[in-house]
1. Looking for whichever is in contact with a Lys or Arg (Cβ under 9 Å, 6 or more places away or on another chain) and surrounded by fewer than 13 Cβ atoms within 10 Å (Cβ to Cβ) here; the options are Gln71, Gln83. Which one fits?
2. Taking the condition touching a Lys or Arg at 6+ places or on another chain (Cβ under 9 Å), at pLDDT below 95, crowded, with 18+ Cβ neighbours inside 10 Å and not acidic (Asp, Glu), does Phe27 pass?
3. Just to check your reading of the model, which residue among Ala51, Ala58, Ala78 is on the phi < 0 side of the Ramachandran plot, touching a residue at least 24 places away in the same chain (Cβ under 8 Å) and not in a loop (DSSP other than H, G, I, E, B)?
4. Of the residues in region 148-168, how many are touching a Ser or Thr at 6+ places or on another chain (Cβ under 7 Å), without any contact (Cβ under 8 Å) to a residue 60 or more places away in the chain and not in a strand (DSSP E or B)?
5. Take Thr267 and tell me if it is closer than 30 Å to Gly154 by Cα, β-branched (Val, Ile, Thr) and modelled with pLDDT of 95 or more.
6. Taking region 18-56 as the region of interest, how many residues are more than 23 Å from the chain's Cα centre (by Cα) and of a type in the set (Asp, Glu)?
7. I'd like the residue in region 120-147 that is in contact with a helix residue (DSSP H, G or I) (Cβ under 7 Å, 6 or more places away or on another chain) and either among the small types (Gly, Ala, Ser) or assigned to a strand (DSSP E or B) (or both) and, out of all such residues, is nearest to Arg219 (Cα to Cα).
8. State which residue pairs qualify: first residue hydrophobic (A, V, I, L, M, F, W, C) and inside region 272-292, second residue at pLDDT 95 or above and surrounded by fewer than 17 Cβ atoms within 10 Å (Cβ to Cβ) in any location, beta carbons under 7 Å apart, and separation of 6 or more residues or different chains.
Amino acid sequence: MARLVAAFGSSHSIMLAATREDWISRFRESDQRMPLYDREGVERSYAELLAQAPKDAAEIVTEDAMVSAYQRTFDSIAELKRQIDATALDVLIIAGDDQHELFLDTMMPSLAIYYGATIRNAARRDVPRDNWYRVAQMQRLEPETDAHYPVQAGLALHFITGLIGRGFDVCAVGGLVGEQYEGHAYSYIHRTYLGGRSLSVVPLLLNTYYPPNPITPKRCVALGRELKTLIEAYPEDLRVGIIASGGLSHFVVDEELDRGVIDALKTKDLNYLAGLEPKRLQAGSSEIRSWIVTAAAAADLDLKWLSYIPAYRTPALTGIGLGFARWS
């Protein structure tokens, strides 16, 4: 019988592929083009958010503050990698979101599971060196040649058929076509945490971003619970892990939202997580849904370690609530 023995959570923001200098200066310009929402889920312009910001907001984004957040972030990534490396696993479920990488608005499933034998990550492409954002994006791809990462197809198929039998509508993805490759929610995990380790994965793809059918927080809790049940019903002796890829709040840092979610993770308050207002889970904050799935699946485990860094980037308090966690 398979067993869920560990769970993890990691942000996958472009900040984690960017340089310290990008943090300090370059996001200040790019954030003005990001989709920005206030705490009520209302879309706002950068100028509106800047006008509403506290008078001392500029003190939060001094160079010293951003350098400190940068260091804390990469220390946390190194610690999470150490903990993942130290965990004996046969398969890792990656709960993430697809951002118009495999699916477009012409066909956007609420929930999909990949069950091909391998999943491809592409080699990096040449991009102008003065385009810092594209340079950072390339860090999620392979340095020289394509990689074809192993997938635990048997377990993935077991999830697909089992979830359908339990009333979930699942899009089954049997492979990639043409120039398709795994989205950044998955390539970031492969490149950052699984390097040098041939660990099979099961990519779980959630629509968190796009109307009209993003998966609801309540459905995320139900999905996580069923995944746990299906893992235990799988006949092969496997040590299974699951990792939430993405989040926490962004592109406006919402510490109140993040800390409420973190408290619920610590206390295993799945009712709180199920009851989160979807309007509040806009843009990058929508990726909190991956953490909800993971927390529900890991309800029998304890949250042993968590690092949270509210990484503010501008005086309008845009940025990302970066989170890293382990359950065991």
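1. Working: Gln83 fails: surrounded by fewer than 13 Cβ atoms within 10 Å (Cβ to Cβ).
So the residue among Gln71, Gln83 that is in contact with a Lys or Arg (Cβ under 9 Å, 6 or more places away or on another chain) and surrounded by fewer than 13 Cβ atoms within 10 Å (Cβ to Cβ) is Gln71.
2. Yes.
3. Ala58 is the lone residue from the list that is on the phi < 0 side of the Ramachandran plot, touching a residue at least 24 places away in the same chain (Cβ under 8 Å) and not in a loop (DSSP other than H, G, I, E, B).
4. Residues flagged as touching a Ser or Thr at 6+ places or on another chain (Cβ under 7 Å), without any contact (Cβ under 8 Å) to a residue 60 or more places away in the chain and not in a strand (DSSP E or B) within region 148-168 amount to 0.
5. Values: closer than 30 Å to Gly154 by Cα: no; β-branched (Val, Ile, Thr): yes; modelled with pLDDT of 95 or more: yes.
Against the criterion (closer than 30 Å to Gly154 by Cα, β-branched (Val, Ile, Thr) and modelled with pLDDT of 95 or more), Thr267 does not qualify.
6. Residues that pass the stated criteria total 4.
7. Within region 120-147, the match that is nearest to Arg219 (Cα to Cα) is Asn121.
8. Ala274/Lys218
The values are calculated or read from the model by the stated rules, or taken from the named source; none is laboratory data. Not measured: the values here are computed from a predicted model. So basically every Cβ, Gly included, is an ideal-geometry build from the backbone, and we count neighbours across all protein chains shown.
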